Amino acid sequence: MSQRFPQGSGFGVFTHRHDRKPNSFVALCKAAAAAFAHAKVGHTHSLSRASNPVVENLEARELLSSTWYVSPAGNNKNPGSIAAPFQTIQQAATVAQTGDHVEIETGTYHETVTPTHSGVTFEAYKGEKVTVSGADPIKGWTKYSGNIYSAPMSWDLGEGNNEVFVNGTAMNEAEFPNTAIGAESHPNELTVTSVRGNTLYNASLNQPANYWKGAIIRTAPGQAWDGETGVVTSSAPGSITISYTVNGKYEVISAGNKFSLFGTFKALDSAGEWYRDPSTGKLYFWAPGNANPASLDVEVKHRLYAFNLSNVSNTTIHGVGIFASTIITGHNSTGTILNGITATYVSQQLEVPHGWWSSATEGIMLKGANSVLENSTIAYSSGDAVVVSGANSLITNNTMHDAVYTGENVGVLWLLASGITASHNTIYNSGRHGILAEVPKVMIDYNTIHDVGLQTTEAGGIYTANTNGQGATIAYNEIYNIHTAGYGGTALFTDNNSSNWNVHNNITWNVDYSLKMNFTSNNNHIYDNTMGATKLSINSNQLGNWDGVTIYGNVFTKAIVTTVGAKIYSNVFASAAPKGMGAGDFASGSSGTPVG
């Protein structure tokens, strides 16, 4: 039963309790009844929401809200109270109304949570360890051959999308050459020694004829600007012939390109590797240490989403862990708040036929305006870790790492709407860019970004291209450890006719180029940066013009190459920033994440 005070009754506000006293609900009801009796006012009854009622004073009105409890030891036939909680988060998400809280007790929940109503808060009860998992256990292991075991796997997310885990760590889909467990961002690859048409040569391909036929090749062709996949149509000792999409004259596979093979049982040749046969539905696994998988905690990804918030808005998720799945929102999911989450293995899509054209369906997806991701850790994603297409959203105090290991043309953090602020984040281990922002009016400040471009060339710590920034700002970021083949790696990269960007008070070091602007770039203001680099502090292809560009107050450790039209003054060349010059002192990156 719930009670609602009339406006202006003068009674105190009841707040919901997060303790474990079974009689708290009774005490609250008695207090409410006594208050009503004293006031001698009418009241209404509601029997549809049996969990702990709360009256919250919101300025000139009072609103009723409830708290629902969930525990692995609960039952969905329970009322969802602290004494008799639900068993699944989804049951609470079905009954919870706007303003309600769902308190989740310690445990792992194998489900996709789809709220019925907007404005619901989901949080870990008293900061307990809560995980919403997209993976399910695999049982029924029998020995296949040698150290390889097999088990039935009834579901299939598609080639390149499945993932197998042991004790929460991803194993490798069978591949050639082999890569160490946990080295997604630093894969072991072969080098194309020579090419004839679509036939690639490497002496390590010493297997019999057509051994690799039907396998999938993963490579970054030509200039290696982006990663993509193709198919092996035939093979011979020392070579493979492939079919793949050529995205332009600069992206024709050539000698020196890196590649690896997967998608075939024949690559299963070492511990920590697995392969699922789509024709039989069997999973084959060579467990670490040659163990029997039946003795291990083996799980396989089964669901894409931990939370599906596509049809709700103003939802908050606080202190919850996400495993082998992600969070998706819709374009009307305004006001979503993700705070203190830890999300690992958020996406897996290894087949990338067109590396330039990514679908923005990986990683944490914030599509609604005015959304927030804060105080969180997002790690391990084949594509972006976080993609934001909701205008005026805030991404702050997060750690994001080991993403874009397919090398597709995205960033660990991918900004797709105007007015977004990305501040105080730490981003590292990216196959392509750190932050990709080809949108106007963004604020990218106080981030620490390092070790990007690991699978591609000419990557950027912070990258934009073909974009009128309309006053967008890149400031107070520290960017380092970016070296690539080809045209090199750049810390601050306003590429291909990008104009109206303000780039100031950034520190870069141990990068090929500190800043690069290509083609016509107008009205960019580059000032008070400390531009440490190993090749050039500023680089340009010297095509077009830089009319309206100002470059001043910077410290350059290397020479600069600029384009006509820029006003360049009051800069210094020095191995260290002289007093009063350059970026100055500031603290960047995330701190203390995640926060419960």
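The values are calculated or read from the model by the stated rules, or taken from the named source; none is laboratory data. These figures come from a predicted structure and were not determined experimentally. Don't worry about glycine lacking a Cβ; one is built from the backbone with ideal geometry, like all the others, and counts go over all protein chains shown. Side chains included, ligands, DNA and RNA excluded: accessible areas come from the protein's heavy atoms. Shrake-Rupley method; radii C 1.70, N 1.55, O 1.52, S 1.80 Å.
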(request) Could you look through the range 383-402, keep only residues that are open to solvent by less than 10 Å² (accessible area, probe 1.4 Å) and touching a residue at least 60 places away in the same chain (Cβ under 8 Å), and pick out the one that is nearest to THR169 (Cα to Cα)? (result) ASN398
(message) Quick check on this structure: which one of ASN545, ASN522, ASN541, ASN571 is open to solvent by 10 Å² or more (accessible area, probe 1.4 Å), in contact with an Asp or Glu (Cβ under 8 Å, 6 or more places away or on another chain) and over 19 Å from GLU478 (Cβ atoms)?
(response) ASN522
(request) Check whether at least one residue in the range 507-525 is under 25 Å from the mean Cα position of the chain (by Cα), of a type outside the set (Val, Ile, Thr) and not in a strand (DSSP E or B), and report yes or no. (result) no
(request) May I ask you to verify whether ALA583 is modelled with pLDDT of 95 or more, out of contact with any helix residue (DSSP H, G or I) (no Cβ under 8 Å at 6 or more places or on another chain), part of a loop (DSSP other than H, G, I, E, B) and over 30 Å from GLY321 (Cα atoms)? (result) yes
(message) Condition first: open to solvent by 10 Å² or more (accessible area, probe 1.4 Å) and either on the phi > 0 side of the Ramachandran plot or in contact with a Pro (Cβ under 6 Å, 6 or more places away or on another chain) (or both). Now tell me which residues in the range 431-467 satisfy that.
(response) LYS441, TYR446, ASP451, GLU458, ASN466
(request) Would you tally the residues in the range 50-96 being modelled with pLDDT under 95 and either more than 20 Å from VAL312 (Cα to Cα) or hydrophobic (A, V, I, L, M, F, W, C) (or both)? (result) 15
(request) Working only within the range 203-229, note down all residues that are buried (at least 22 other Cβ atoms within 10 Å of the Cβ) and either among the basic types (Lys, Arg) or in contact (Cβ under 8 Å) with a residue 60 or more places away in the chain (or both). (result) ILE216, ARG218, ALA220, ALA224, TRP225, ASP226, GLY227, GLU228, THR229
(request) Test LYS367 against the stated conditions and say whether it is among the charged types (D, E, K, R), surrounded by fewer than 24 Cβ atoms within 10 Å (Cβ to Cβ) and at positive phi. (result) no
(message) Quick test of your reading of the structure: GLY488 fulfils all but one of (1) more than 18 Å from ALA224 (Cβ to Cβ); (2) part of a loop (DSSP other than H, G, I, E, B); (3) open to solvent by less than 40 Å² (accessible area, probe 1.4 Å). Name the failing condition by number.
(response) (1)
(request) Go through (1) open to solvent by less than 50 Å² (accessible area, probe 1.4 Å); (2) out of contact with any His (no Cβ under 9 Å at 6 or more places or on another chain); (3) not in a loop (DSSP other than H, G, I, E, B) one by one and return the number of the condition SER118 breaks. (result) (3)
(request) Could you list, in sequence order, all residues of the range 186-206 that are assigned to a strand (DSSP E or B), in contact with a Lys or Arg (Cβ under 9 Å, 6 or more places away or on another chain) and either farther than 15 Å from GLY256 by Cβ or hydrophobic (A, V, I, L, M, F, W, C) (or both)? (result) LEU190
(request) Evaluate the following for TYR275: is it surrounded by fewer than 19 Cβ atoms within 10 Å (Cβ to Cβ), aromatic (Phe, Trp, Tyr) and farther than 13 Å from VAL195 by Cβ? (result) no
(message) Looking at the range 422-437, can you tell me whether even one residue there is in contact (Cβ under 8 Å) with a residue 24 or more places away in the chain and more than 22 Å from VAL346 (Cα to Cα)?
(response) no
(message) Just to verify a result, which residue in the range 86-110, among those that are in a loop (DSSP other than H, G, I, E, B) and open to solvent by less than 20 Å² (accessible area, probe 1.4 Å), is nearest to ILE322 (Cα to Cα)?
(response) GLU105
